[in-house]
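Student: Provided herewith is a single structure, encoded as structure tokens, for subsequent inquiry.
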């Protein structure tokens, strides 16, 4: 007998057909992966960061491979919000049929479009949120307050009150659900997470890349023109998992988890630790079909364990209270 | 575009500079044009995380040849692979070199990793005037075995830094000689190789009014235009070398 496996994941009113999504900046902003991935099979698509105006991005070189990871300093290269609304959203609306996750008259569930936005001021974030609020194809916003590669990129997660102010302002400006993306670079990580939740963030995205550096010993120069770049890939996976656990221990908030998820095994570690959604990032660059293979692997695991619902996995991490005492918080 | 697991048929040292990798794949060998490339996952281990881009060197039926140099960790590991080992290759990717020229004489200027795609181009073109293939390298030790150039429908000339083979000096010295003999405006340059070499070629092209195109090699991750890691500065802003390139016309480049 084959039992049906239910991967449906809910965050507030949003119903995701499965927990698999992509990390902002690793899946392009339109059709870059359409040859390899059936977009409708993803729980959601998260776009590359959109900013108020065109951003040229950082000078070259922008990337460098490091052990089990990569540094990037792209610098939020994008054509700006107006171009995004004019040229990108209609594309998604066409292929994803409005981004609606409802069972449209019995038709199969489509996927969600989550637009990642970043600005240099609260006004920027509010303006972006208002413009996207009017767009039918958009399911949620992800606030990038943790980009390590641009000036002021990390400003809004430097202190809890700054986080609170920006999230609250966006919350007041839109009805769209909000994911706030945080960085382990925030000194008061749990304080910042709490501020985002108090300000009305519907979920958190954990974690953005961590700043790193590499040196060309022949030229005696940094490997990146920007000197520092955000480290991603398997190298940061244990760190991402730790932050997820810390947040889930303290707060009752859904999390989109990312950080070096390459395989179903990795994704399951995050789901077991309590993630609602898992976002595949750097793995897309290595294996364009990574998301699809991870979904298959999750189903295989569930079959093996005789689980029929993903709810059985989420947060199933067993820890002894005695052990937990020794884990320093923050 | 296809992402295929391929089995190595041959992987051996050709000379002091190059190794040759051979494998067979129907999807990866269809409709390939010189200048296009494959993004190859050399090792499934996470330590060597990213794929590496390699130009097509030769395609015969389903058989694909890649000519590469050891330039870093990735190619070091690749050189240790043996017959029967597998790789994962994504391709064919990128915009190829212009195949058909209107009346102009084709001059291919190559060095290092730029030699393989331009030899491939020299084998494929059907120009009325025989193209010139100018190759620069350090010394005689790096000169390709004659058999590798047998199918090139081009007149091949070498320049070596130490003068041990062909003309002494940089490959641009061969281009300078040519300009003295022929009208620069009747030439079309196609170049691929170290950045310093291509910059020197483009500077001459600008000075003498020569048209042409360059295949730009930048550090690359995805190969499909998503990561924006491999961009090239053009007059219309940054363009991806993986999708919008790697071949760009001189007039596009800043």
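Student: Which residues, taken from the stretch B:217-252, are in a strand (DSSP E or B) and away from chain A (no Cβ under 13 Å)?
Tutor: B:246, B:247, B:248, B:249
Student: Counting only residues that are in contact (Cβ under 8 Å) with a residue 40 or more places away in the chain and over 20 Å from the mean Cα position of the chain (by Cα), which one in the stretch A:268-305 is surrounded by the most Cβ atoms within 10 Å (Cβ to Cβ)?
Tutor: The selected residue is A:302.
Student: Regarding the stretch B:181-202, can at least one residue be identified that is part of a loop (DSSP other than H, G, I, E, B) and surrounded by 20 or more Cβ atoms within 10 Å (Cβ to Cβ)?
Tutor: For the stretch B:181-202, residues part of a loop (DSSP other than H, G, I, E, B) and surrounded by 20 or more Cβ atoms within 10 Å (Cβ to Cβ): present.
Student: I would also like to ask the following. What do you reckon, is residue A:212 in contact with a strand residue (DSSP E or B) (Cβ under 9 Å, 6 or more places away or on another chain), at positive phi and either modelled with pLDDT of 95 or more or within 14 Å of chain B (Cβ to nearest Cβ) (or both)?
Tutor: no
Student: Name the residue, out of A:32, A:65, A:86, that is within 13 Å of chain B (Cβ to nearest Cβ) and either more than 20 Å from the chain's Cα centre (by Cα) or within 24 Å of residue A:253 (Cβ to Cβ) (or both).
Tutor: A:65
Student: Please enumerate the residues belonging to the stretch B:49-77 that are within 14 Å of chain A (Cβ to nearest Cβ) and either within 18 Å of the chain's Cα centre (by Cα) or not in a loop (DSSP other than H, G, I, E, B) (or both).
Tutor: Within the stretch B:49-77, B:51, B:52, B:53, B:71, B:72, B:73, B:74, B:75, B:76, B:77 meet the criteria.
Student: When residues of the stretch A:47-89 are filtered for being without any contact (Cβ under 8 Å) to a residue 40 or more places away in the chain and in a loop (DSSP other than H, G, I, E, B), how many remain?
Tutor: Within the stretch A:47-89, residues that are without any contact (Cβ under 8 Å) to a residue 40 or more places away in the chain and in a loop (DSSP other than H, G, I, E, B) number 7.
Student: Taking residue A:253 and the conditions (1) surrounded by fewer than 22 Cβ atoms within 10 Å (Cβ to Cβ); (2) within 14 Å of chain B (Cβ to nearest Cβ); (3) touching a helix residue (DSSP H, G or I) at 6+ places or on another chain (Cβ under 9 Å), which numbered condition does it fall short on, given that it satisfies the others?
Tutor: That leaves (2) as the condition not met.
Student: Quick check on residue B:214: is it without any contact (Cβ under 8 Å) to a residue 60 or more places away in the chain, within 16 Å of the chain's Cα centre (by Cα), within 14 Å of another protein chain (Cβ to nearest Cβ) and not in a loop (DSSP other than H, G, I, E, B)?
Tutor: No; evaluated as a whole, the condition is false for this residue.
Student: Determine which member of the set A:15, A:22 is more than 10 Å from chain B (Cβ to nearest Cβ), within 21 Å of residue A:277 (Cβ to Cβ), surrounded by 15 or more Cβ atoms within 10 Å (Cβ to Cβ) and in contact (Cβ under 8 Å) with a residue 60 or more places away in the chain.
Tutor: A:15
Student: Shifting gears a bit: Mind listing just one residue for me: the one in the stretch A:35-49 that is away from chain B (no Cβ under 14 Å) and crowded, with 21+ Cβ neighbours inside 10 Å and, of those, nearest to residue A:229 (Cα to Cα)?
Tutor: The extreme case among them is A:44.
Student: Please go through the stretch A:172-191 and pick out each residue that is in a helix (DSSP H, G or I) and in contact with a strand residue (DSSP E or B) (Cβ under 6 Å, 6 or more places away or on another chain).
Tutor: Hits for the stretch A:172-191: nothing passes.
Student: Quick one: residue A:311 ticks every box in (1) at pLDDT 95 or above; (2) surrounded by fewer than 21 Cβ atoms within 10 Å (Cβ to Cβ); (3) within 30 Å of residue A:151 (Cα to Cα) bar one, so which box is it?
Tutor: (3)
The values are calculated or read from the model by the stated rules, or taken from the named source; none is laboratory data. In this text the structure is predicted, and so the values were computed from the model without any measurement. Backbone-built Cβ (ideal geometry, glycine too); neighbour counts: all protein chains shown.
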